[in-house]
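Where a number appears in this text, it was derived from the coordinates with a stated rule and is not lab data. For clarity, every value in this text was computed on a predicted model and none was experimentally measured. Every residue, glycine as well, gets a Cβ built from its backbone with ideal geometry; the counts of neighbours run over all protein chains shown.
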Amino acid sequence: MVEKTLALVKPDGVEGNHVGEILNDYEQAGLKILALKMIHVNKEFARQHYIDLKDKPFYQELVDFISRSPLVAMILEGENAVDTVRRVNGATDPSEAVEGTIRFKYGGGKTDNTVHGSDSVEHAKREISMWFPEFLDSYLND
Ligand code: IDP
Ligand code: MG
């Protein structure tokens, strides 16, 4: 299935100058970049993005991290894009990530793990509409 998903190069990835390498990793995996922007989100937006984790002990730390400096948000499209991005990203904890994955190469720790990828097609739709409200299939050309 051709799917769309949302990926983020989180603040640590931008601060470490890894944006170009990470975009290359996604393109080399066969994914198409459909939309791309750099954005410095505020804490309220960060809380909404991670609302499913609101009861976790690390929620506040995560919100502070994701809003600390600019990040790069993108819509990626391809066969099984949701799973492909998560495979290229690697395990949530960089110390458990497979060699060659983005989190293996650049991840600092469990919080600053460099990238985000939606975890399902349903969540991808929600996240794309949050991060790219201007991206509407109904009025954009293919
Ligand atoms: P995922 O990003 O691999 O889908 P999730 O469980 O959805 O992982 O967690 C979202 C984000 O929250 C992670 O990418 C990471 O930045 C942060 N996070 C997850 N687990 C922990 C933890 O145990 N301590 C600190 N931060 C965490
Ligand atoms: Mg997740």
Taking the C-alpha atoms of the chain, convex hull volume expressed per residue in Å³: 106
Likely footprinting exposure, TYR106, TYR59, fewest C-beta neighbours within 10 Å first: TYR59, TYR106
Residues in segment 52-91 that a label on THR111 would reach, taking backbone N under 19 Å of a point 7 Å out along Cα→Cβ: 52-72
J(HN,Hα) series, segment 58-72, from Karplus relation 6.51 cos²θ - 1.76 cosθ + 1.60, nearest Hz, glycine and proline x: 9, 4, 4, 4, 5, 4, 4, 5, 5, 9, 6, 6, x, 10, 10
Among SER67, ALA91, TYR26 the positive-end extreme of the charge dipole of segment 3-142 (Cβ point charges): SER67
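Counting other beta carbons within 10 Å of each Cβ, put LEU76, LEU136 in order, fewest first. Walk me through the numbers on the way to the answer.
Values: LEU76 28, LEU136 9.
Ranking LEU76, LEU136 by Cβ neighbours within 10 Å, fewest first, gives LEU136, LEU76.
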Estimated 222 nm signal from helices in the chain, with DSSP H stretches of n ≥ 4 weighted -39500 (n - 2.57), rounded to 500: -10500 deg cm²/dmol
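Taking 0.36 nm per residue of separation and subtracting the Cα-Cα distance, what length does fully extending PHE135 through ILE39 add? Write down the numbers at each step before the final one.
On the way: separation 96, 0.36 × 96 = 34.56 nm, distance 1.53 nm.
Difference between extended and current length: 33.0 nm.
Counting other beta carbons within 10 Å of each Cβ, put ILE128, ILE51, ILE33 in order, fewest first. Walk me through the numbers on the way to the answer.
Numbers: ILE128 20, ILE51 10, ILE33 13.
Ascending Cβ contact count within 10 Å gives the list ILE51, ILE33, ILE128.
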For LEU71, residues with placed amide H under 5 Å, excluding near neighbours: ILE39, HIS40, VAL41
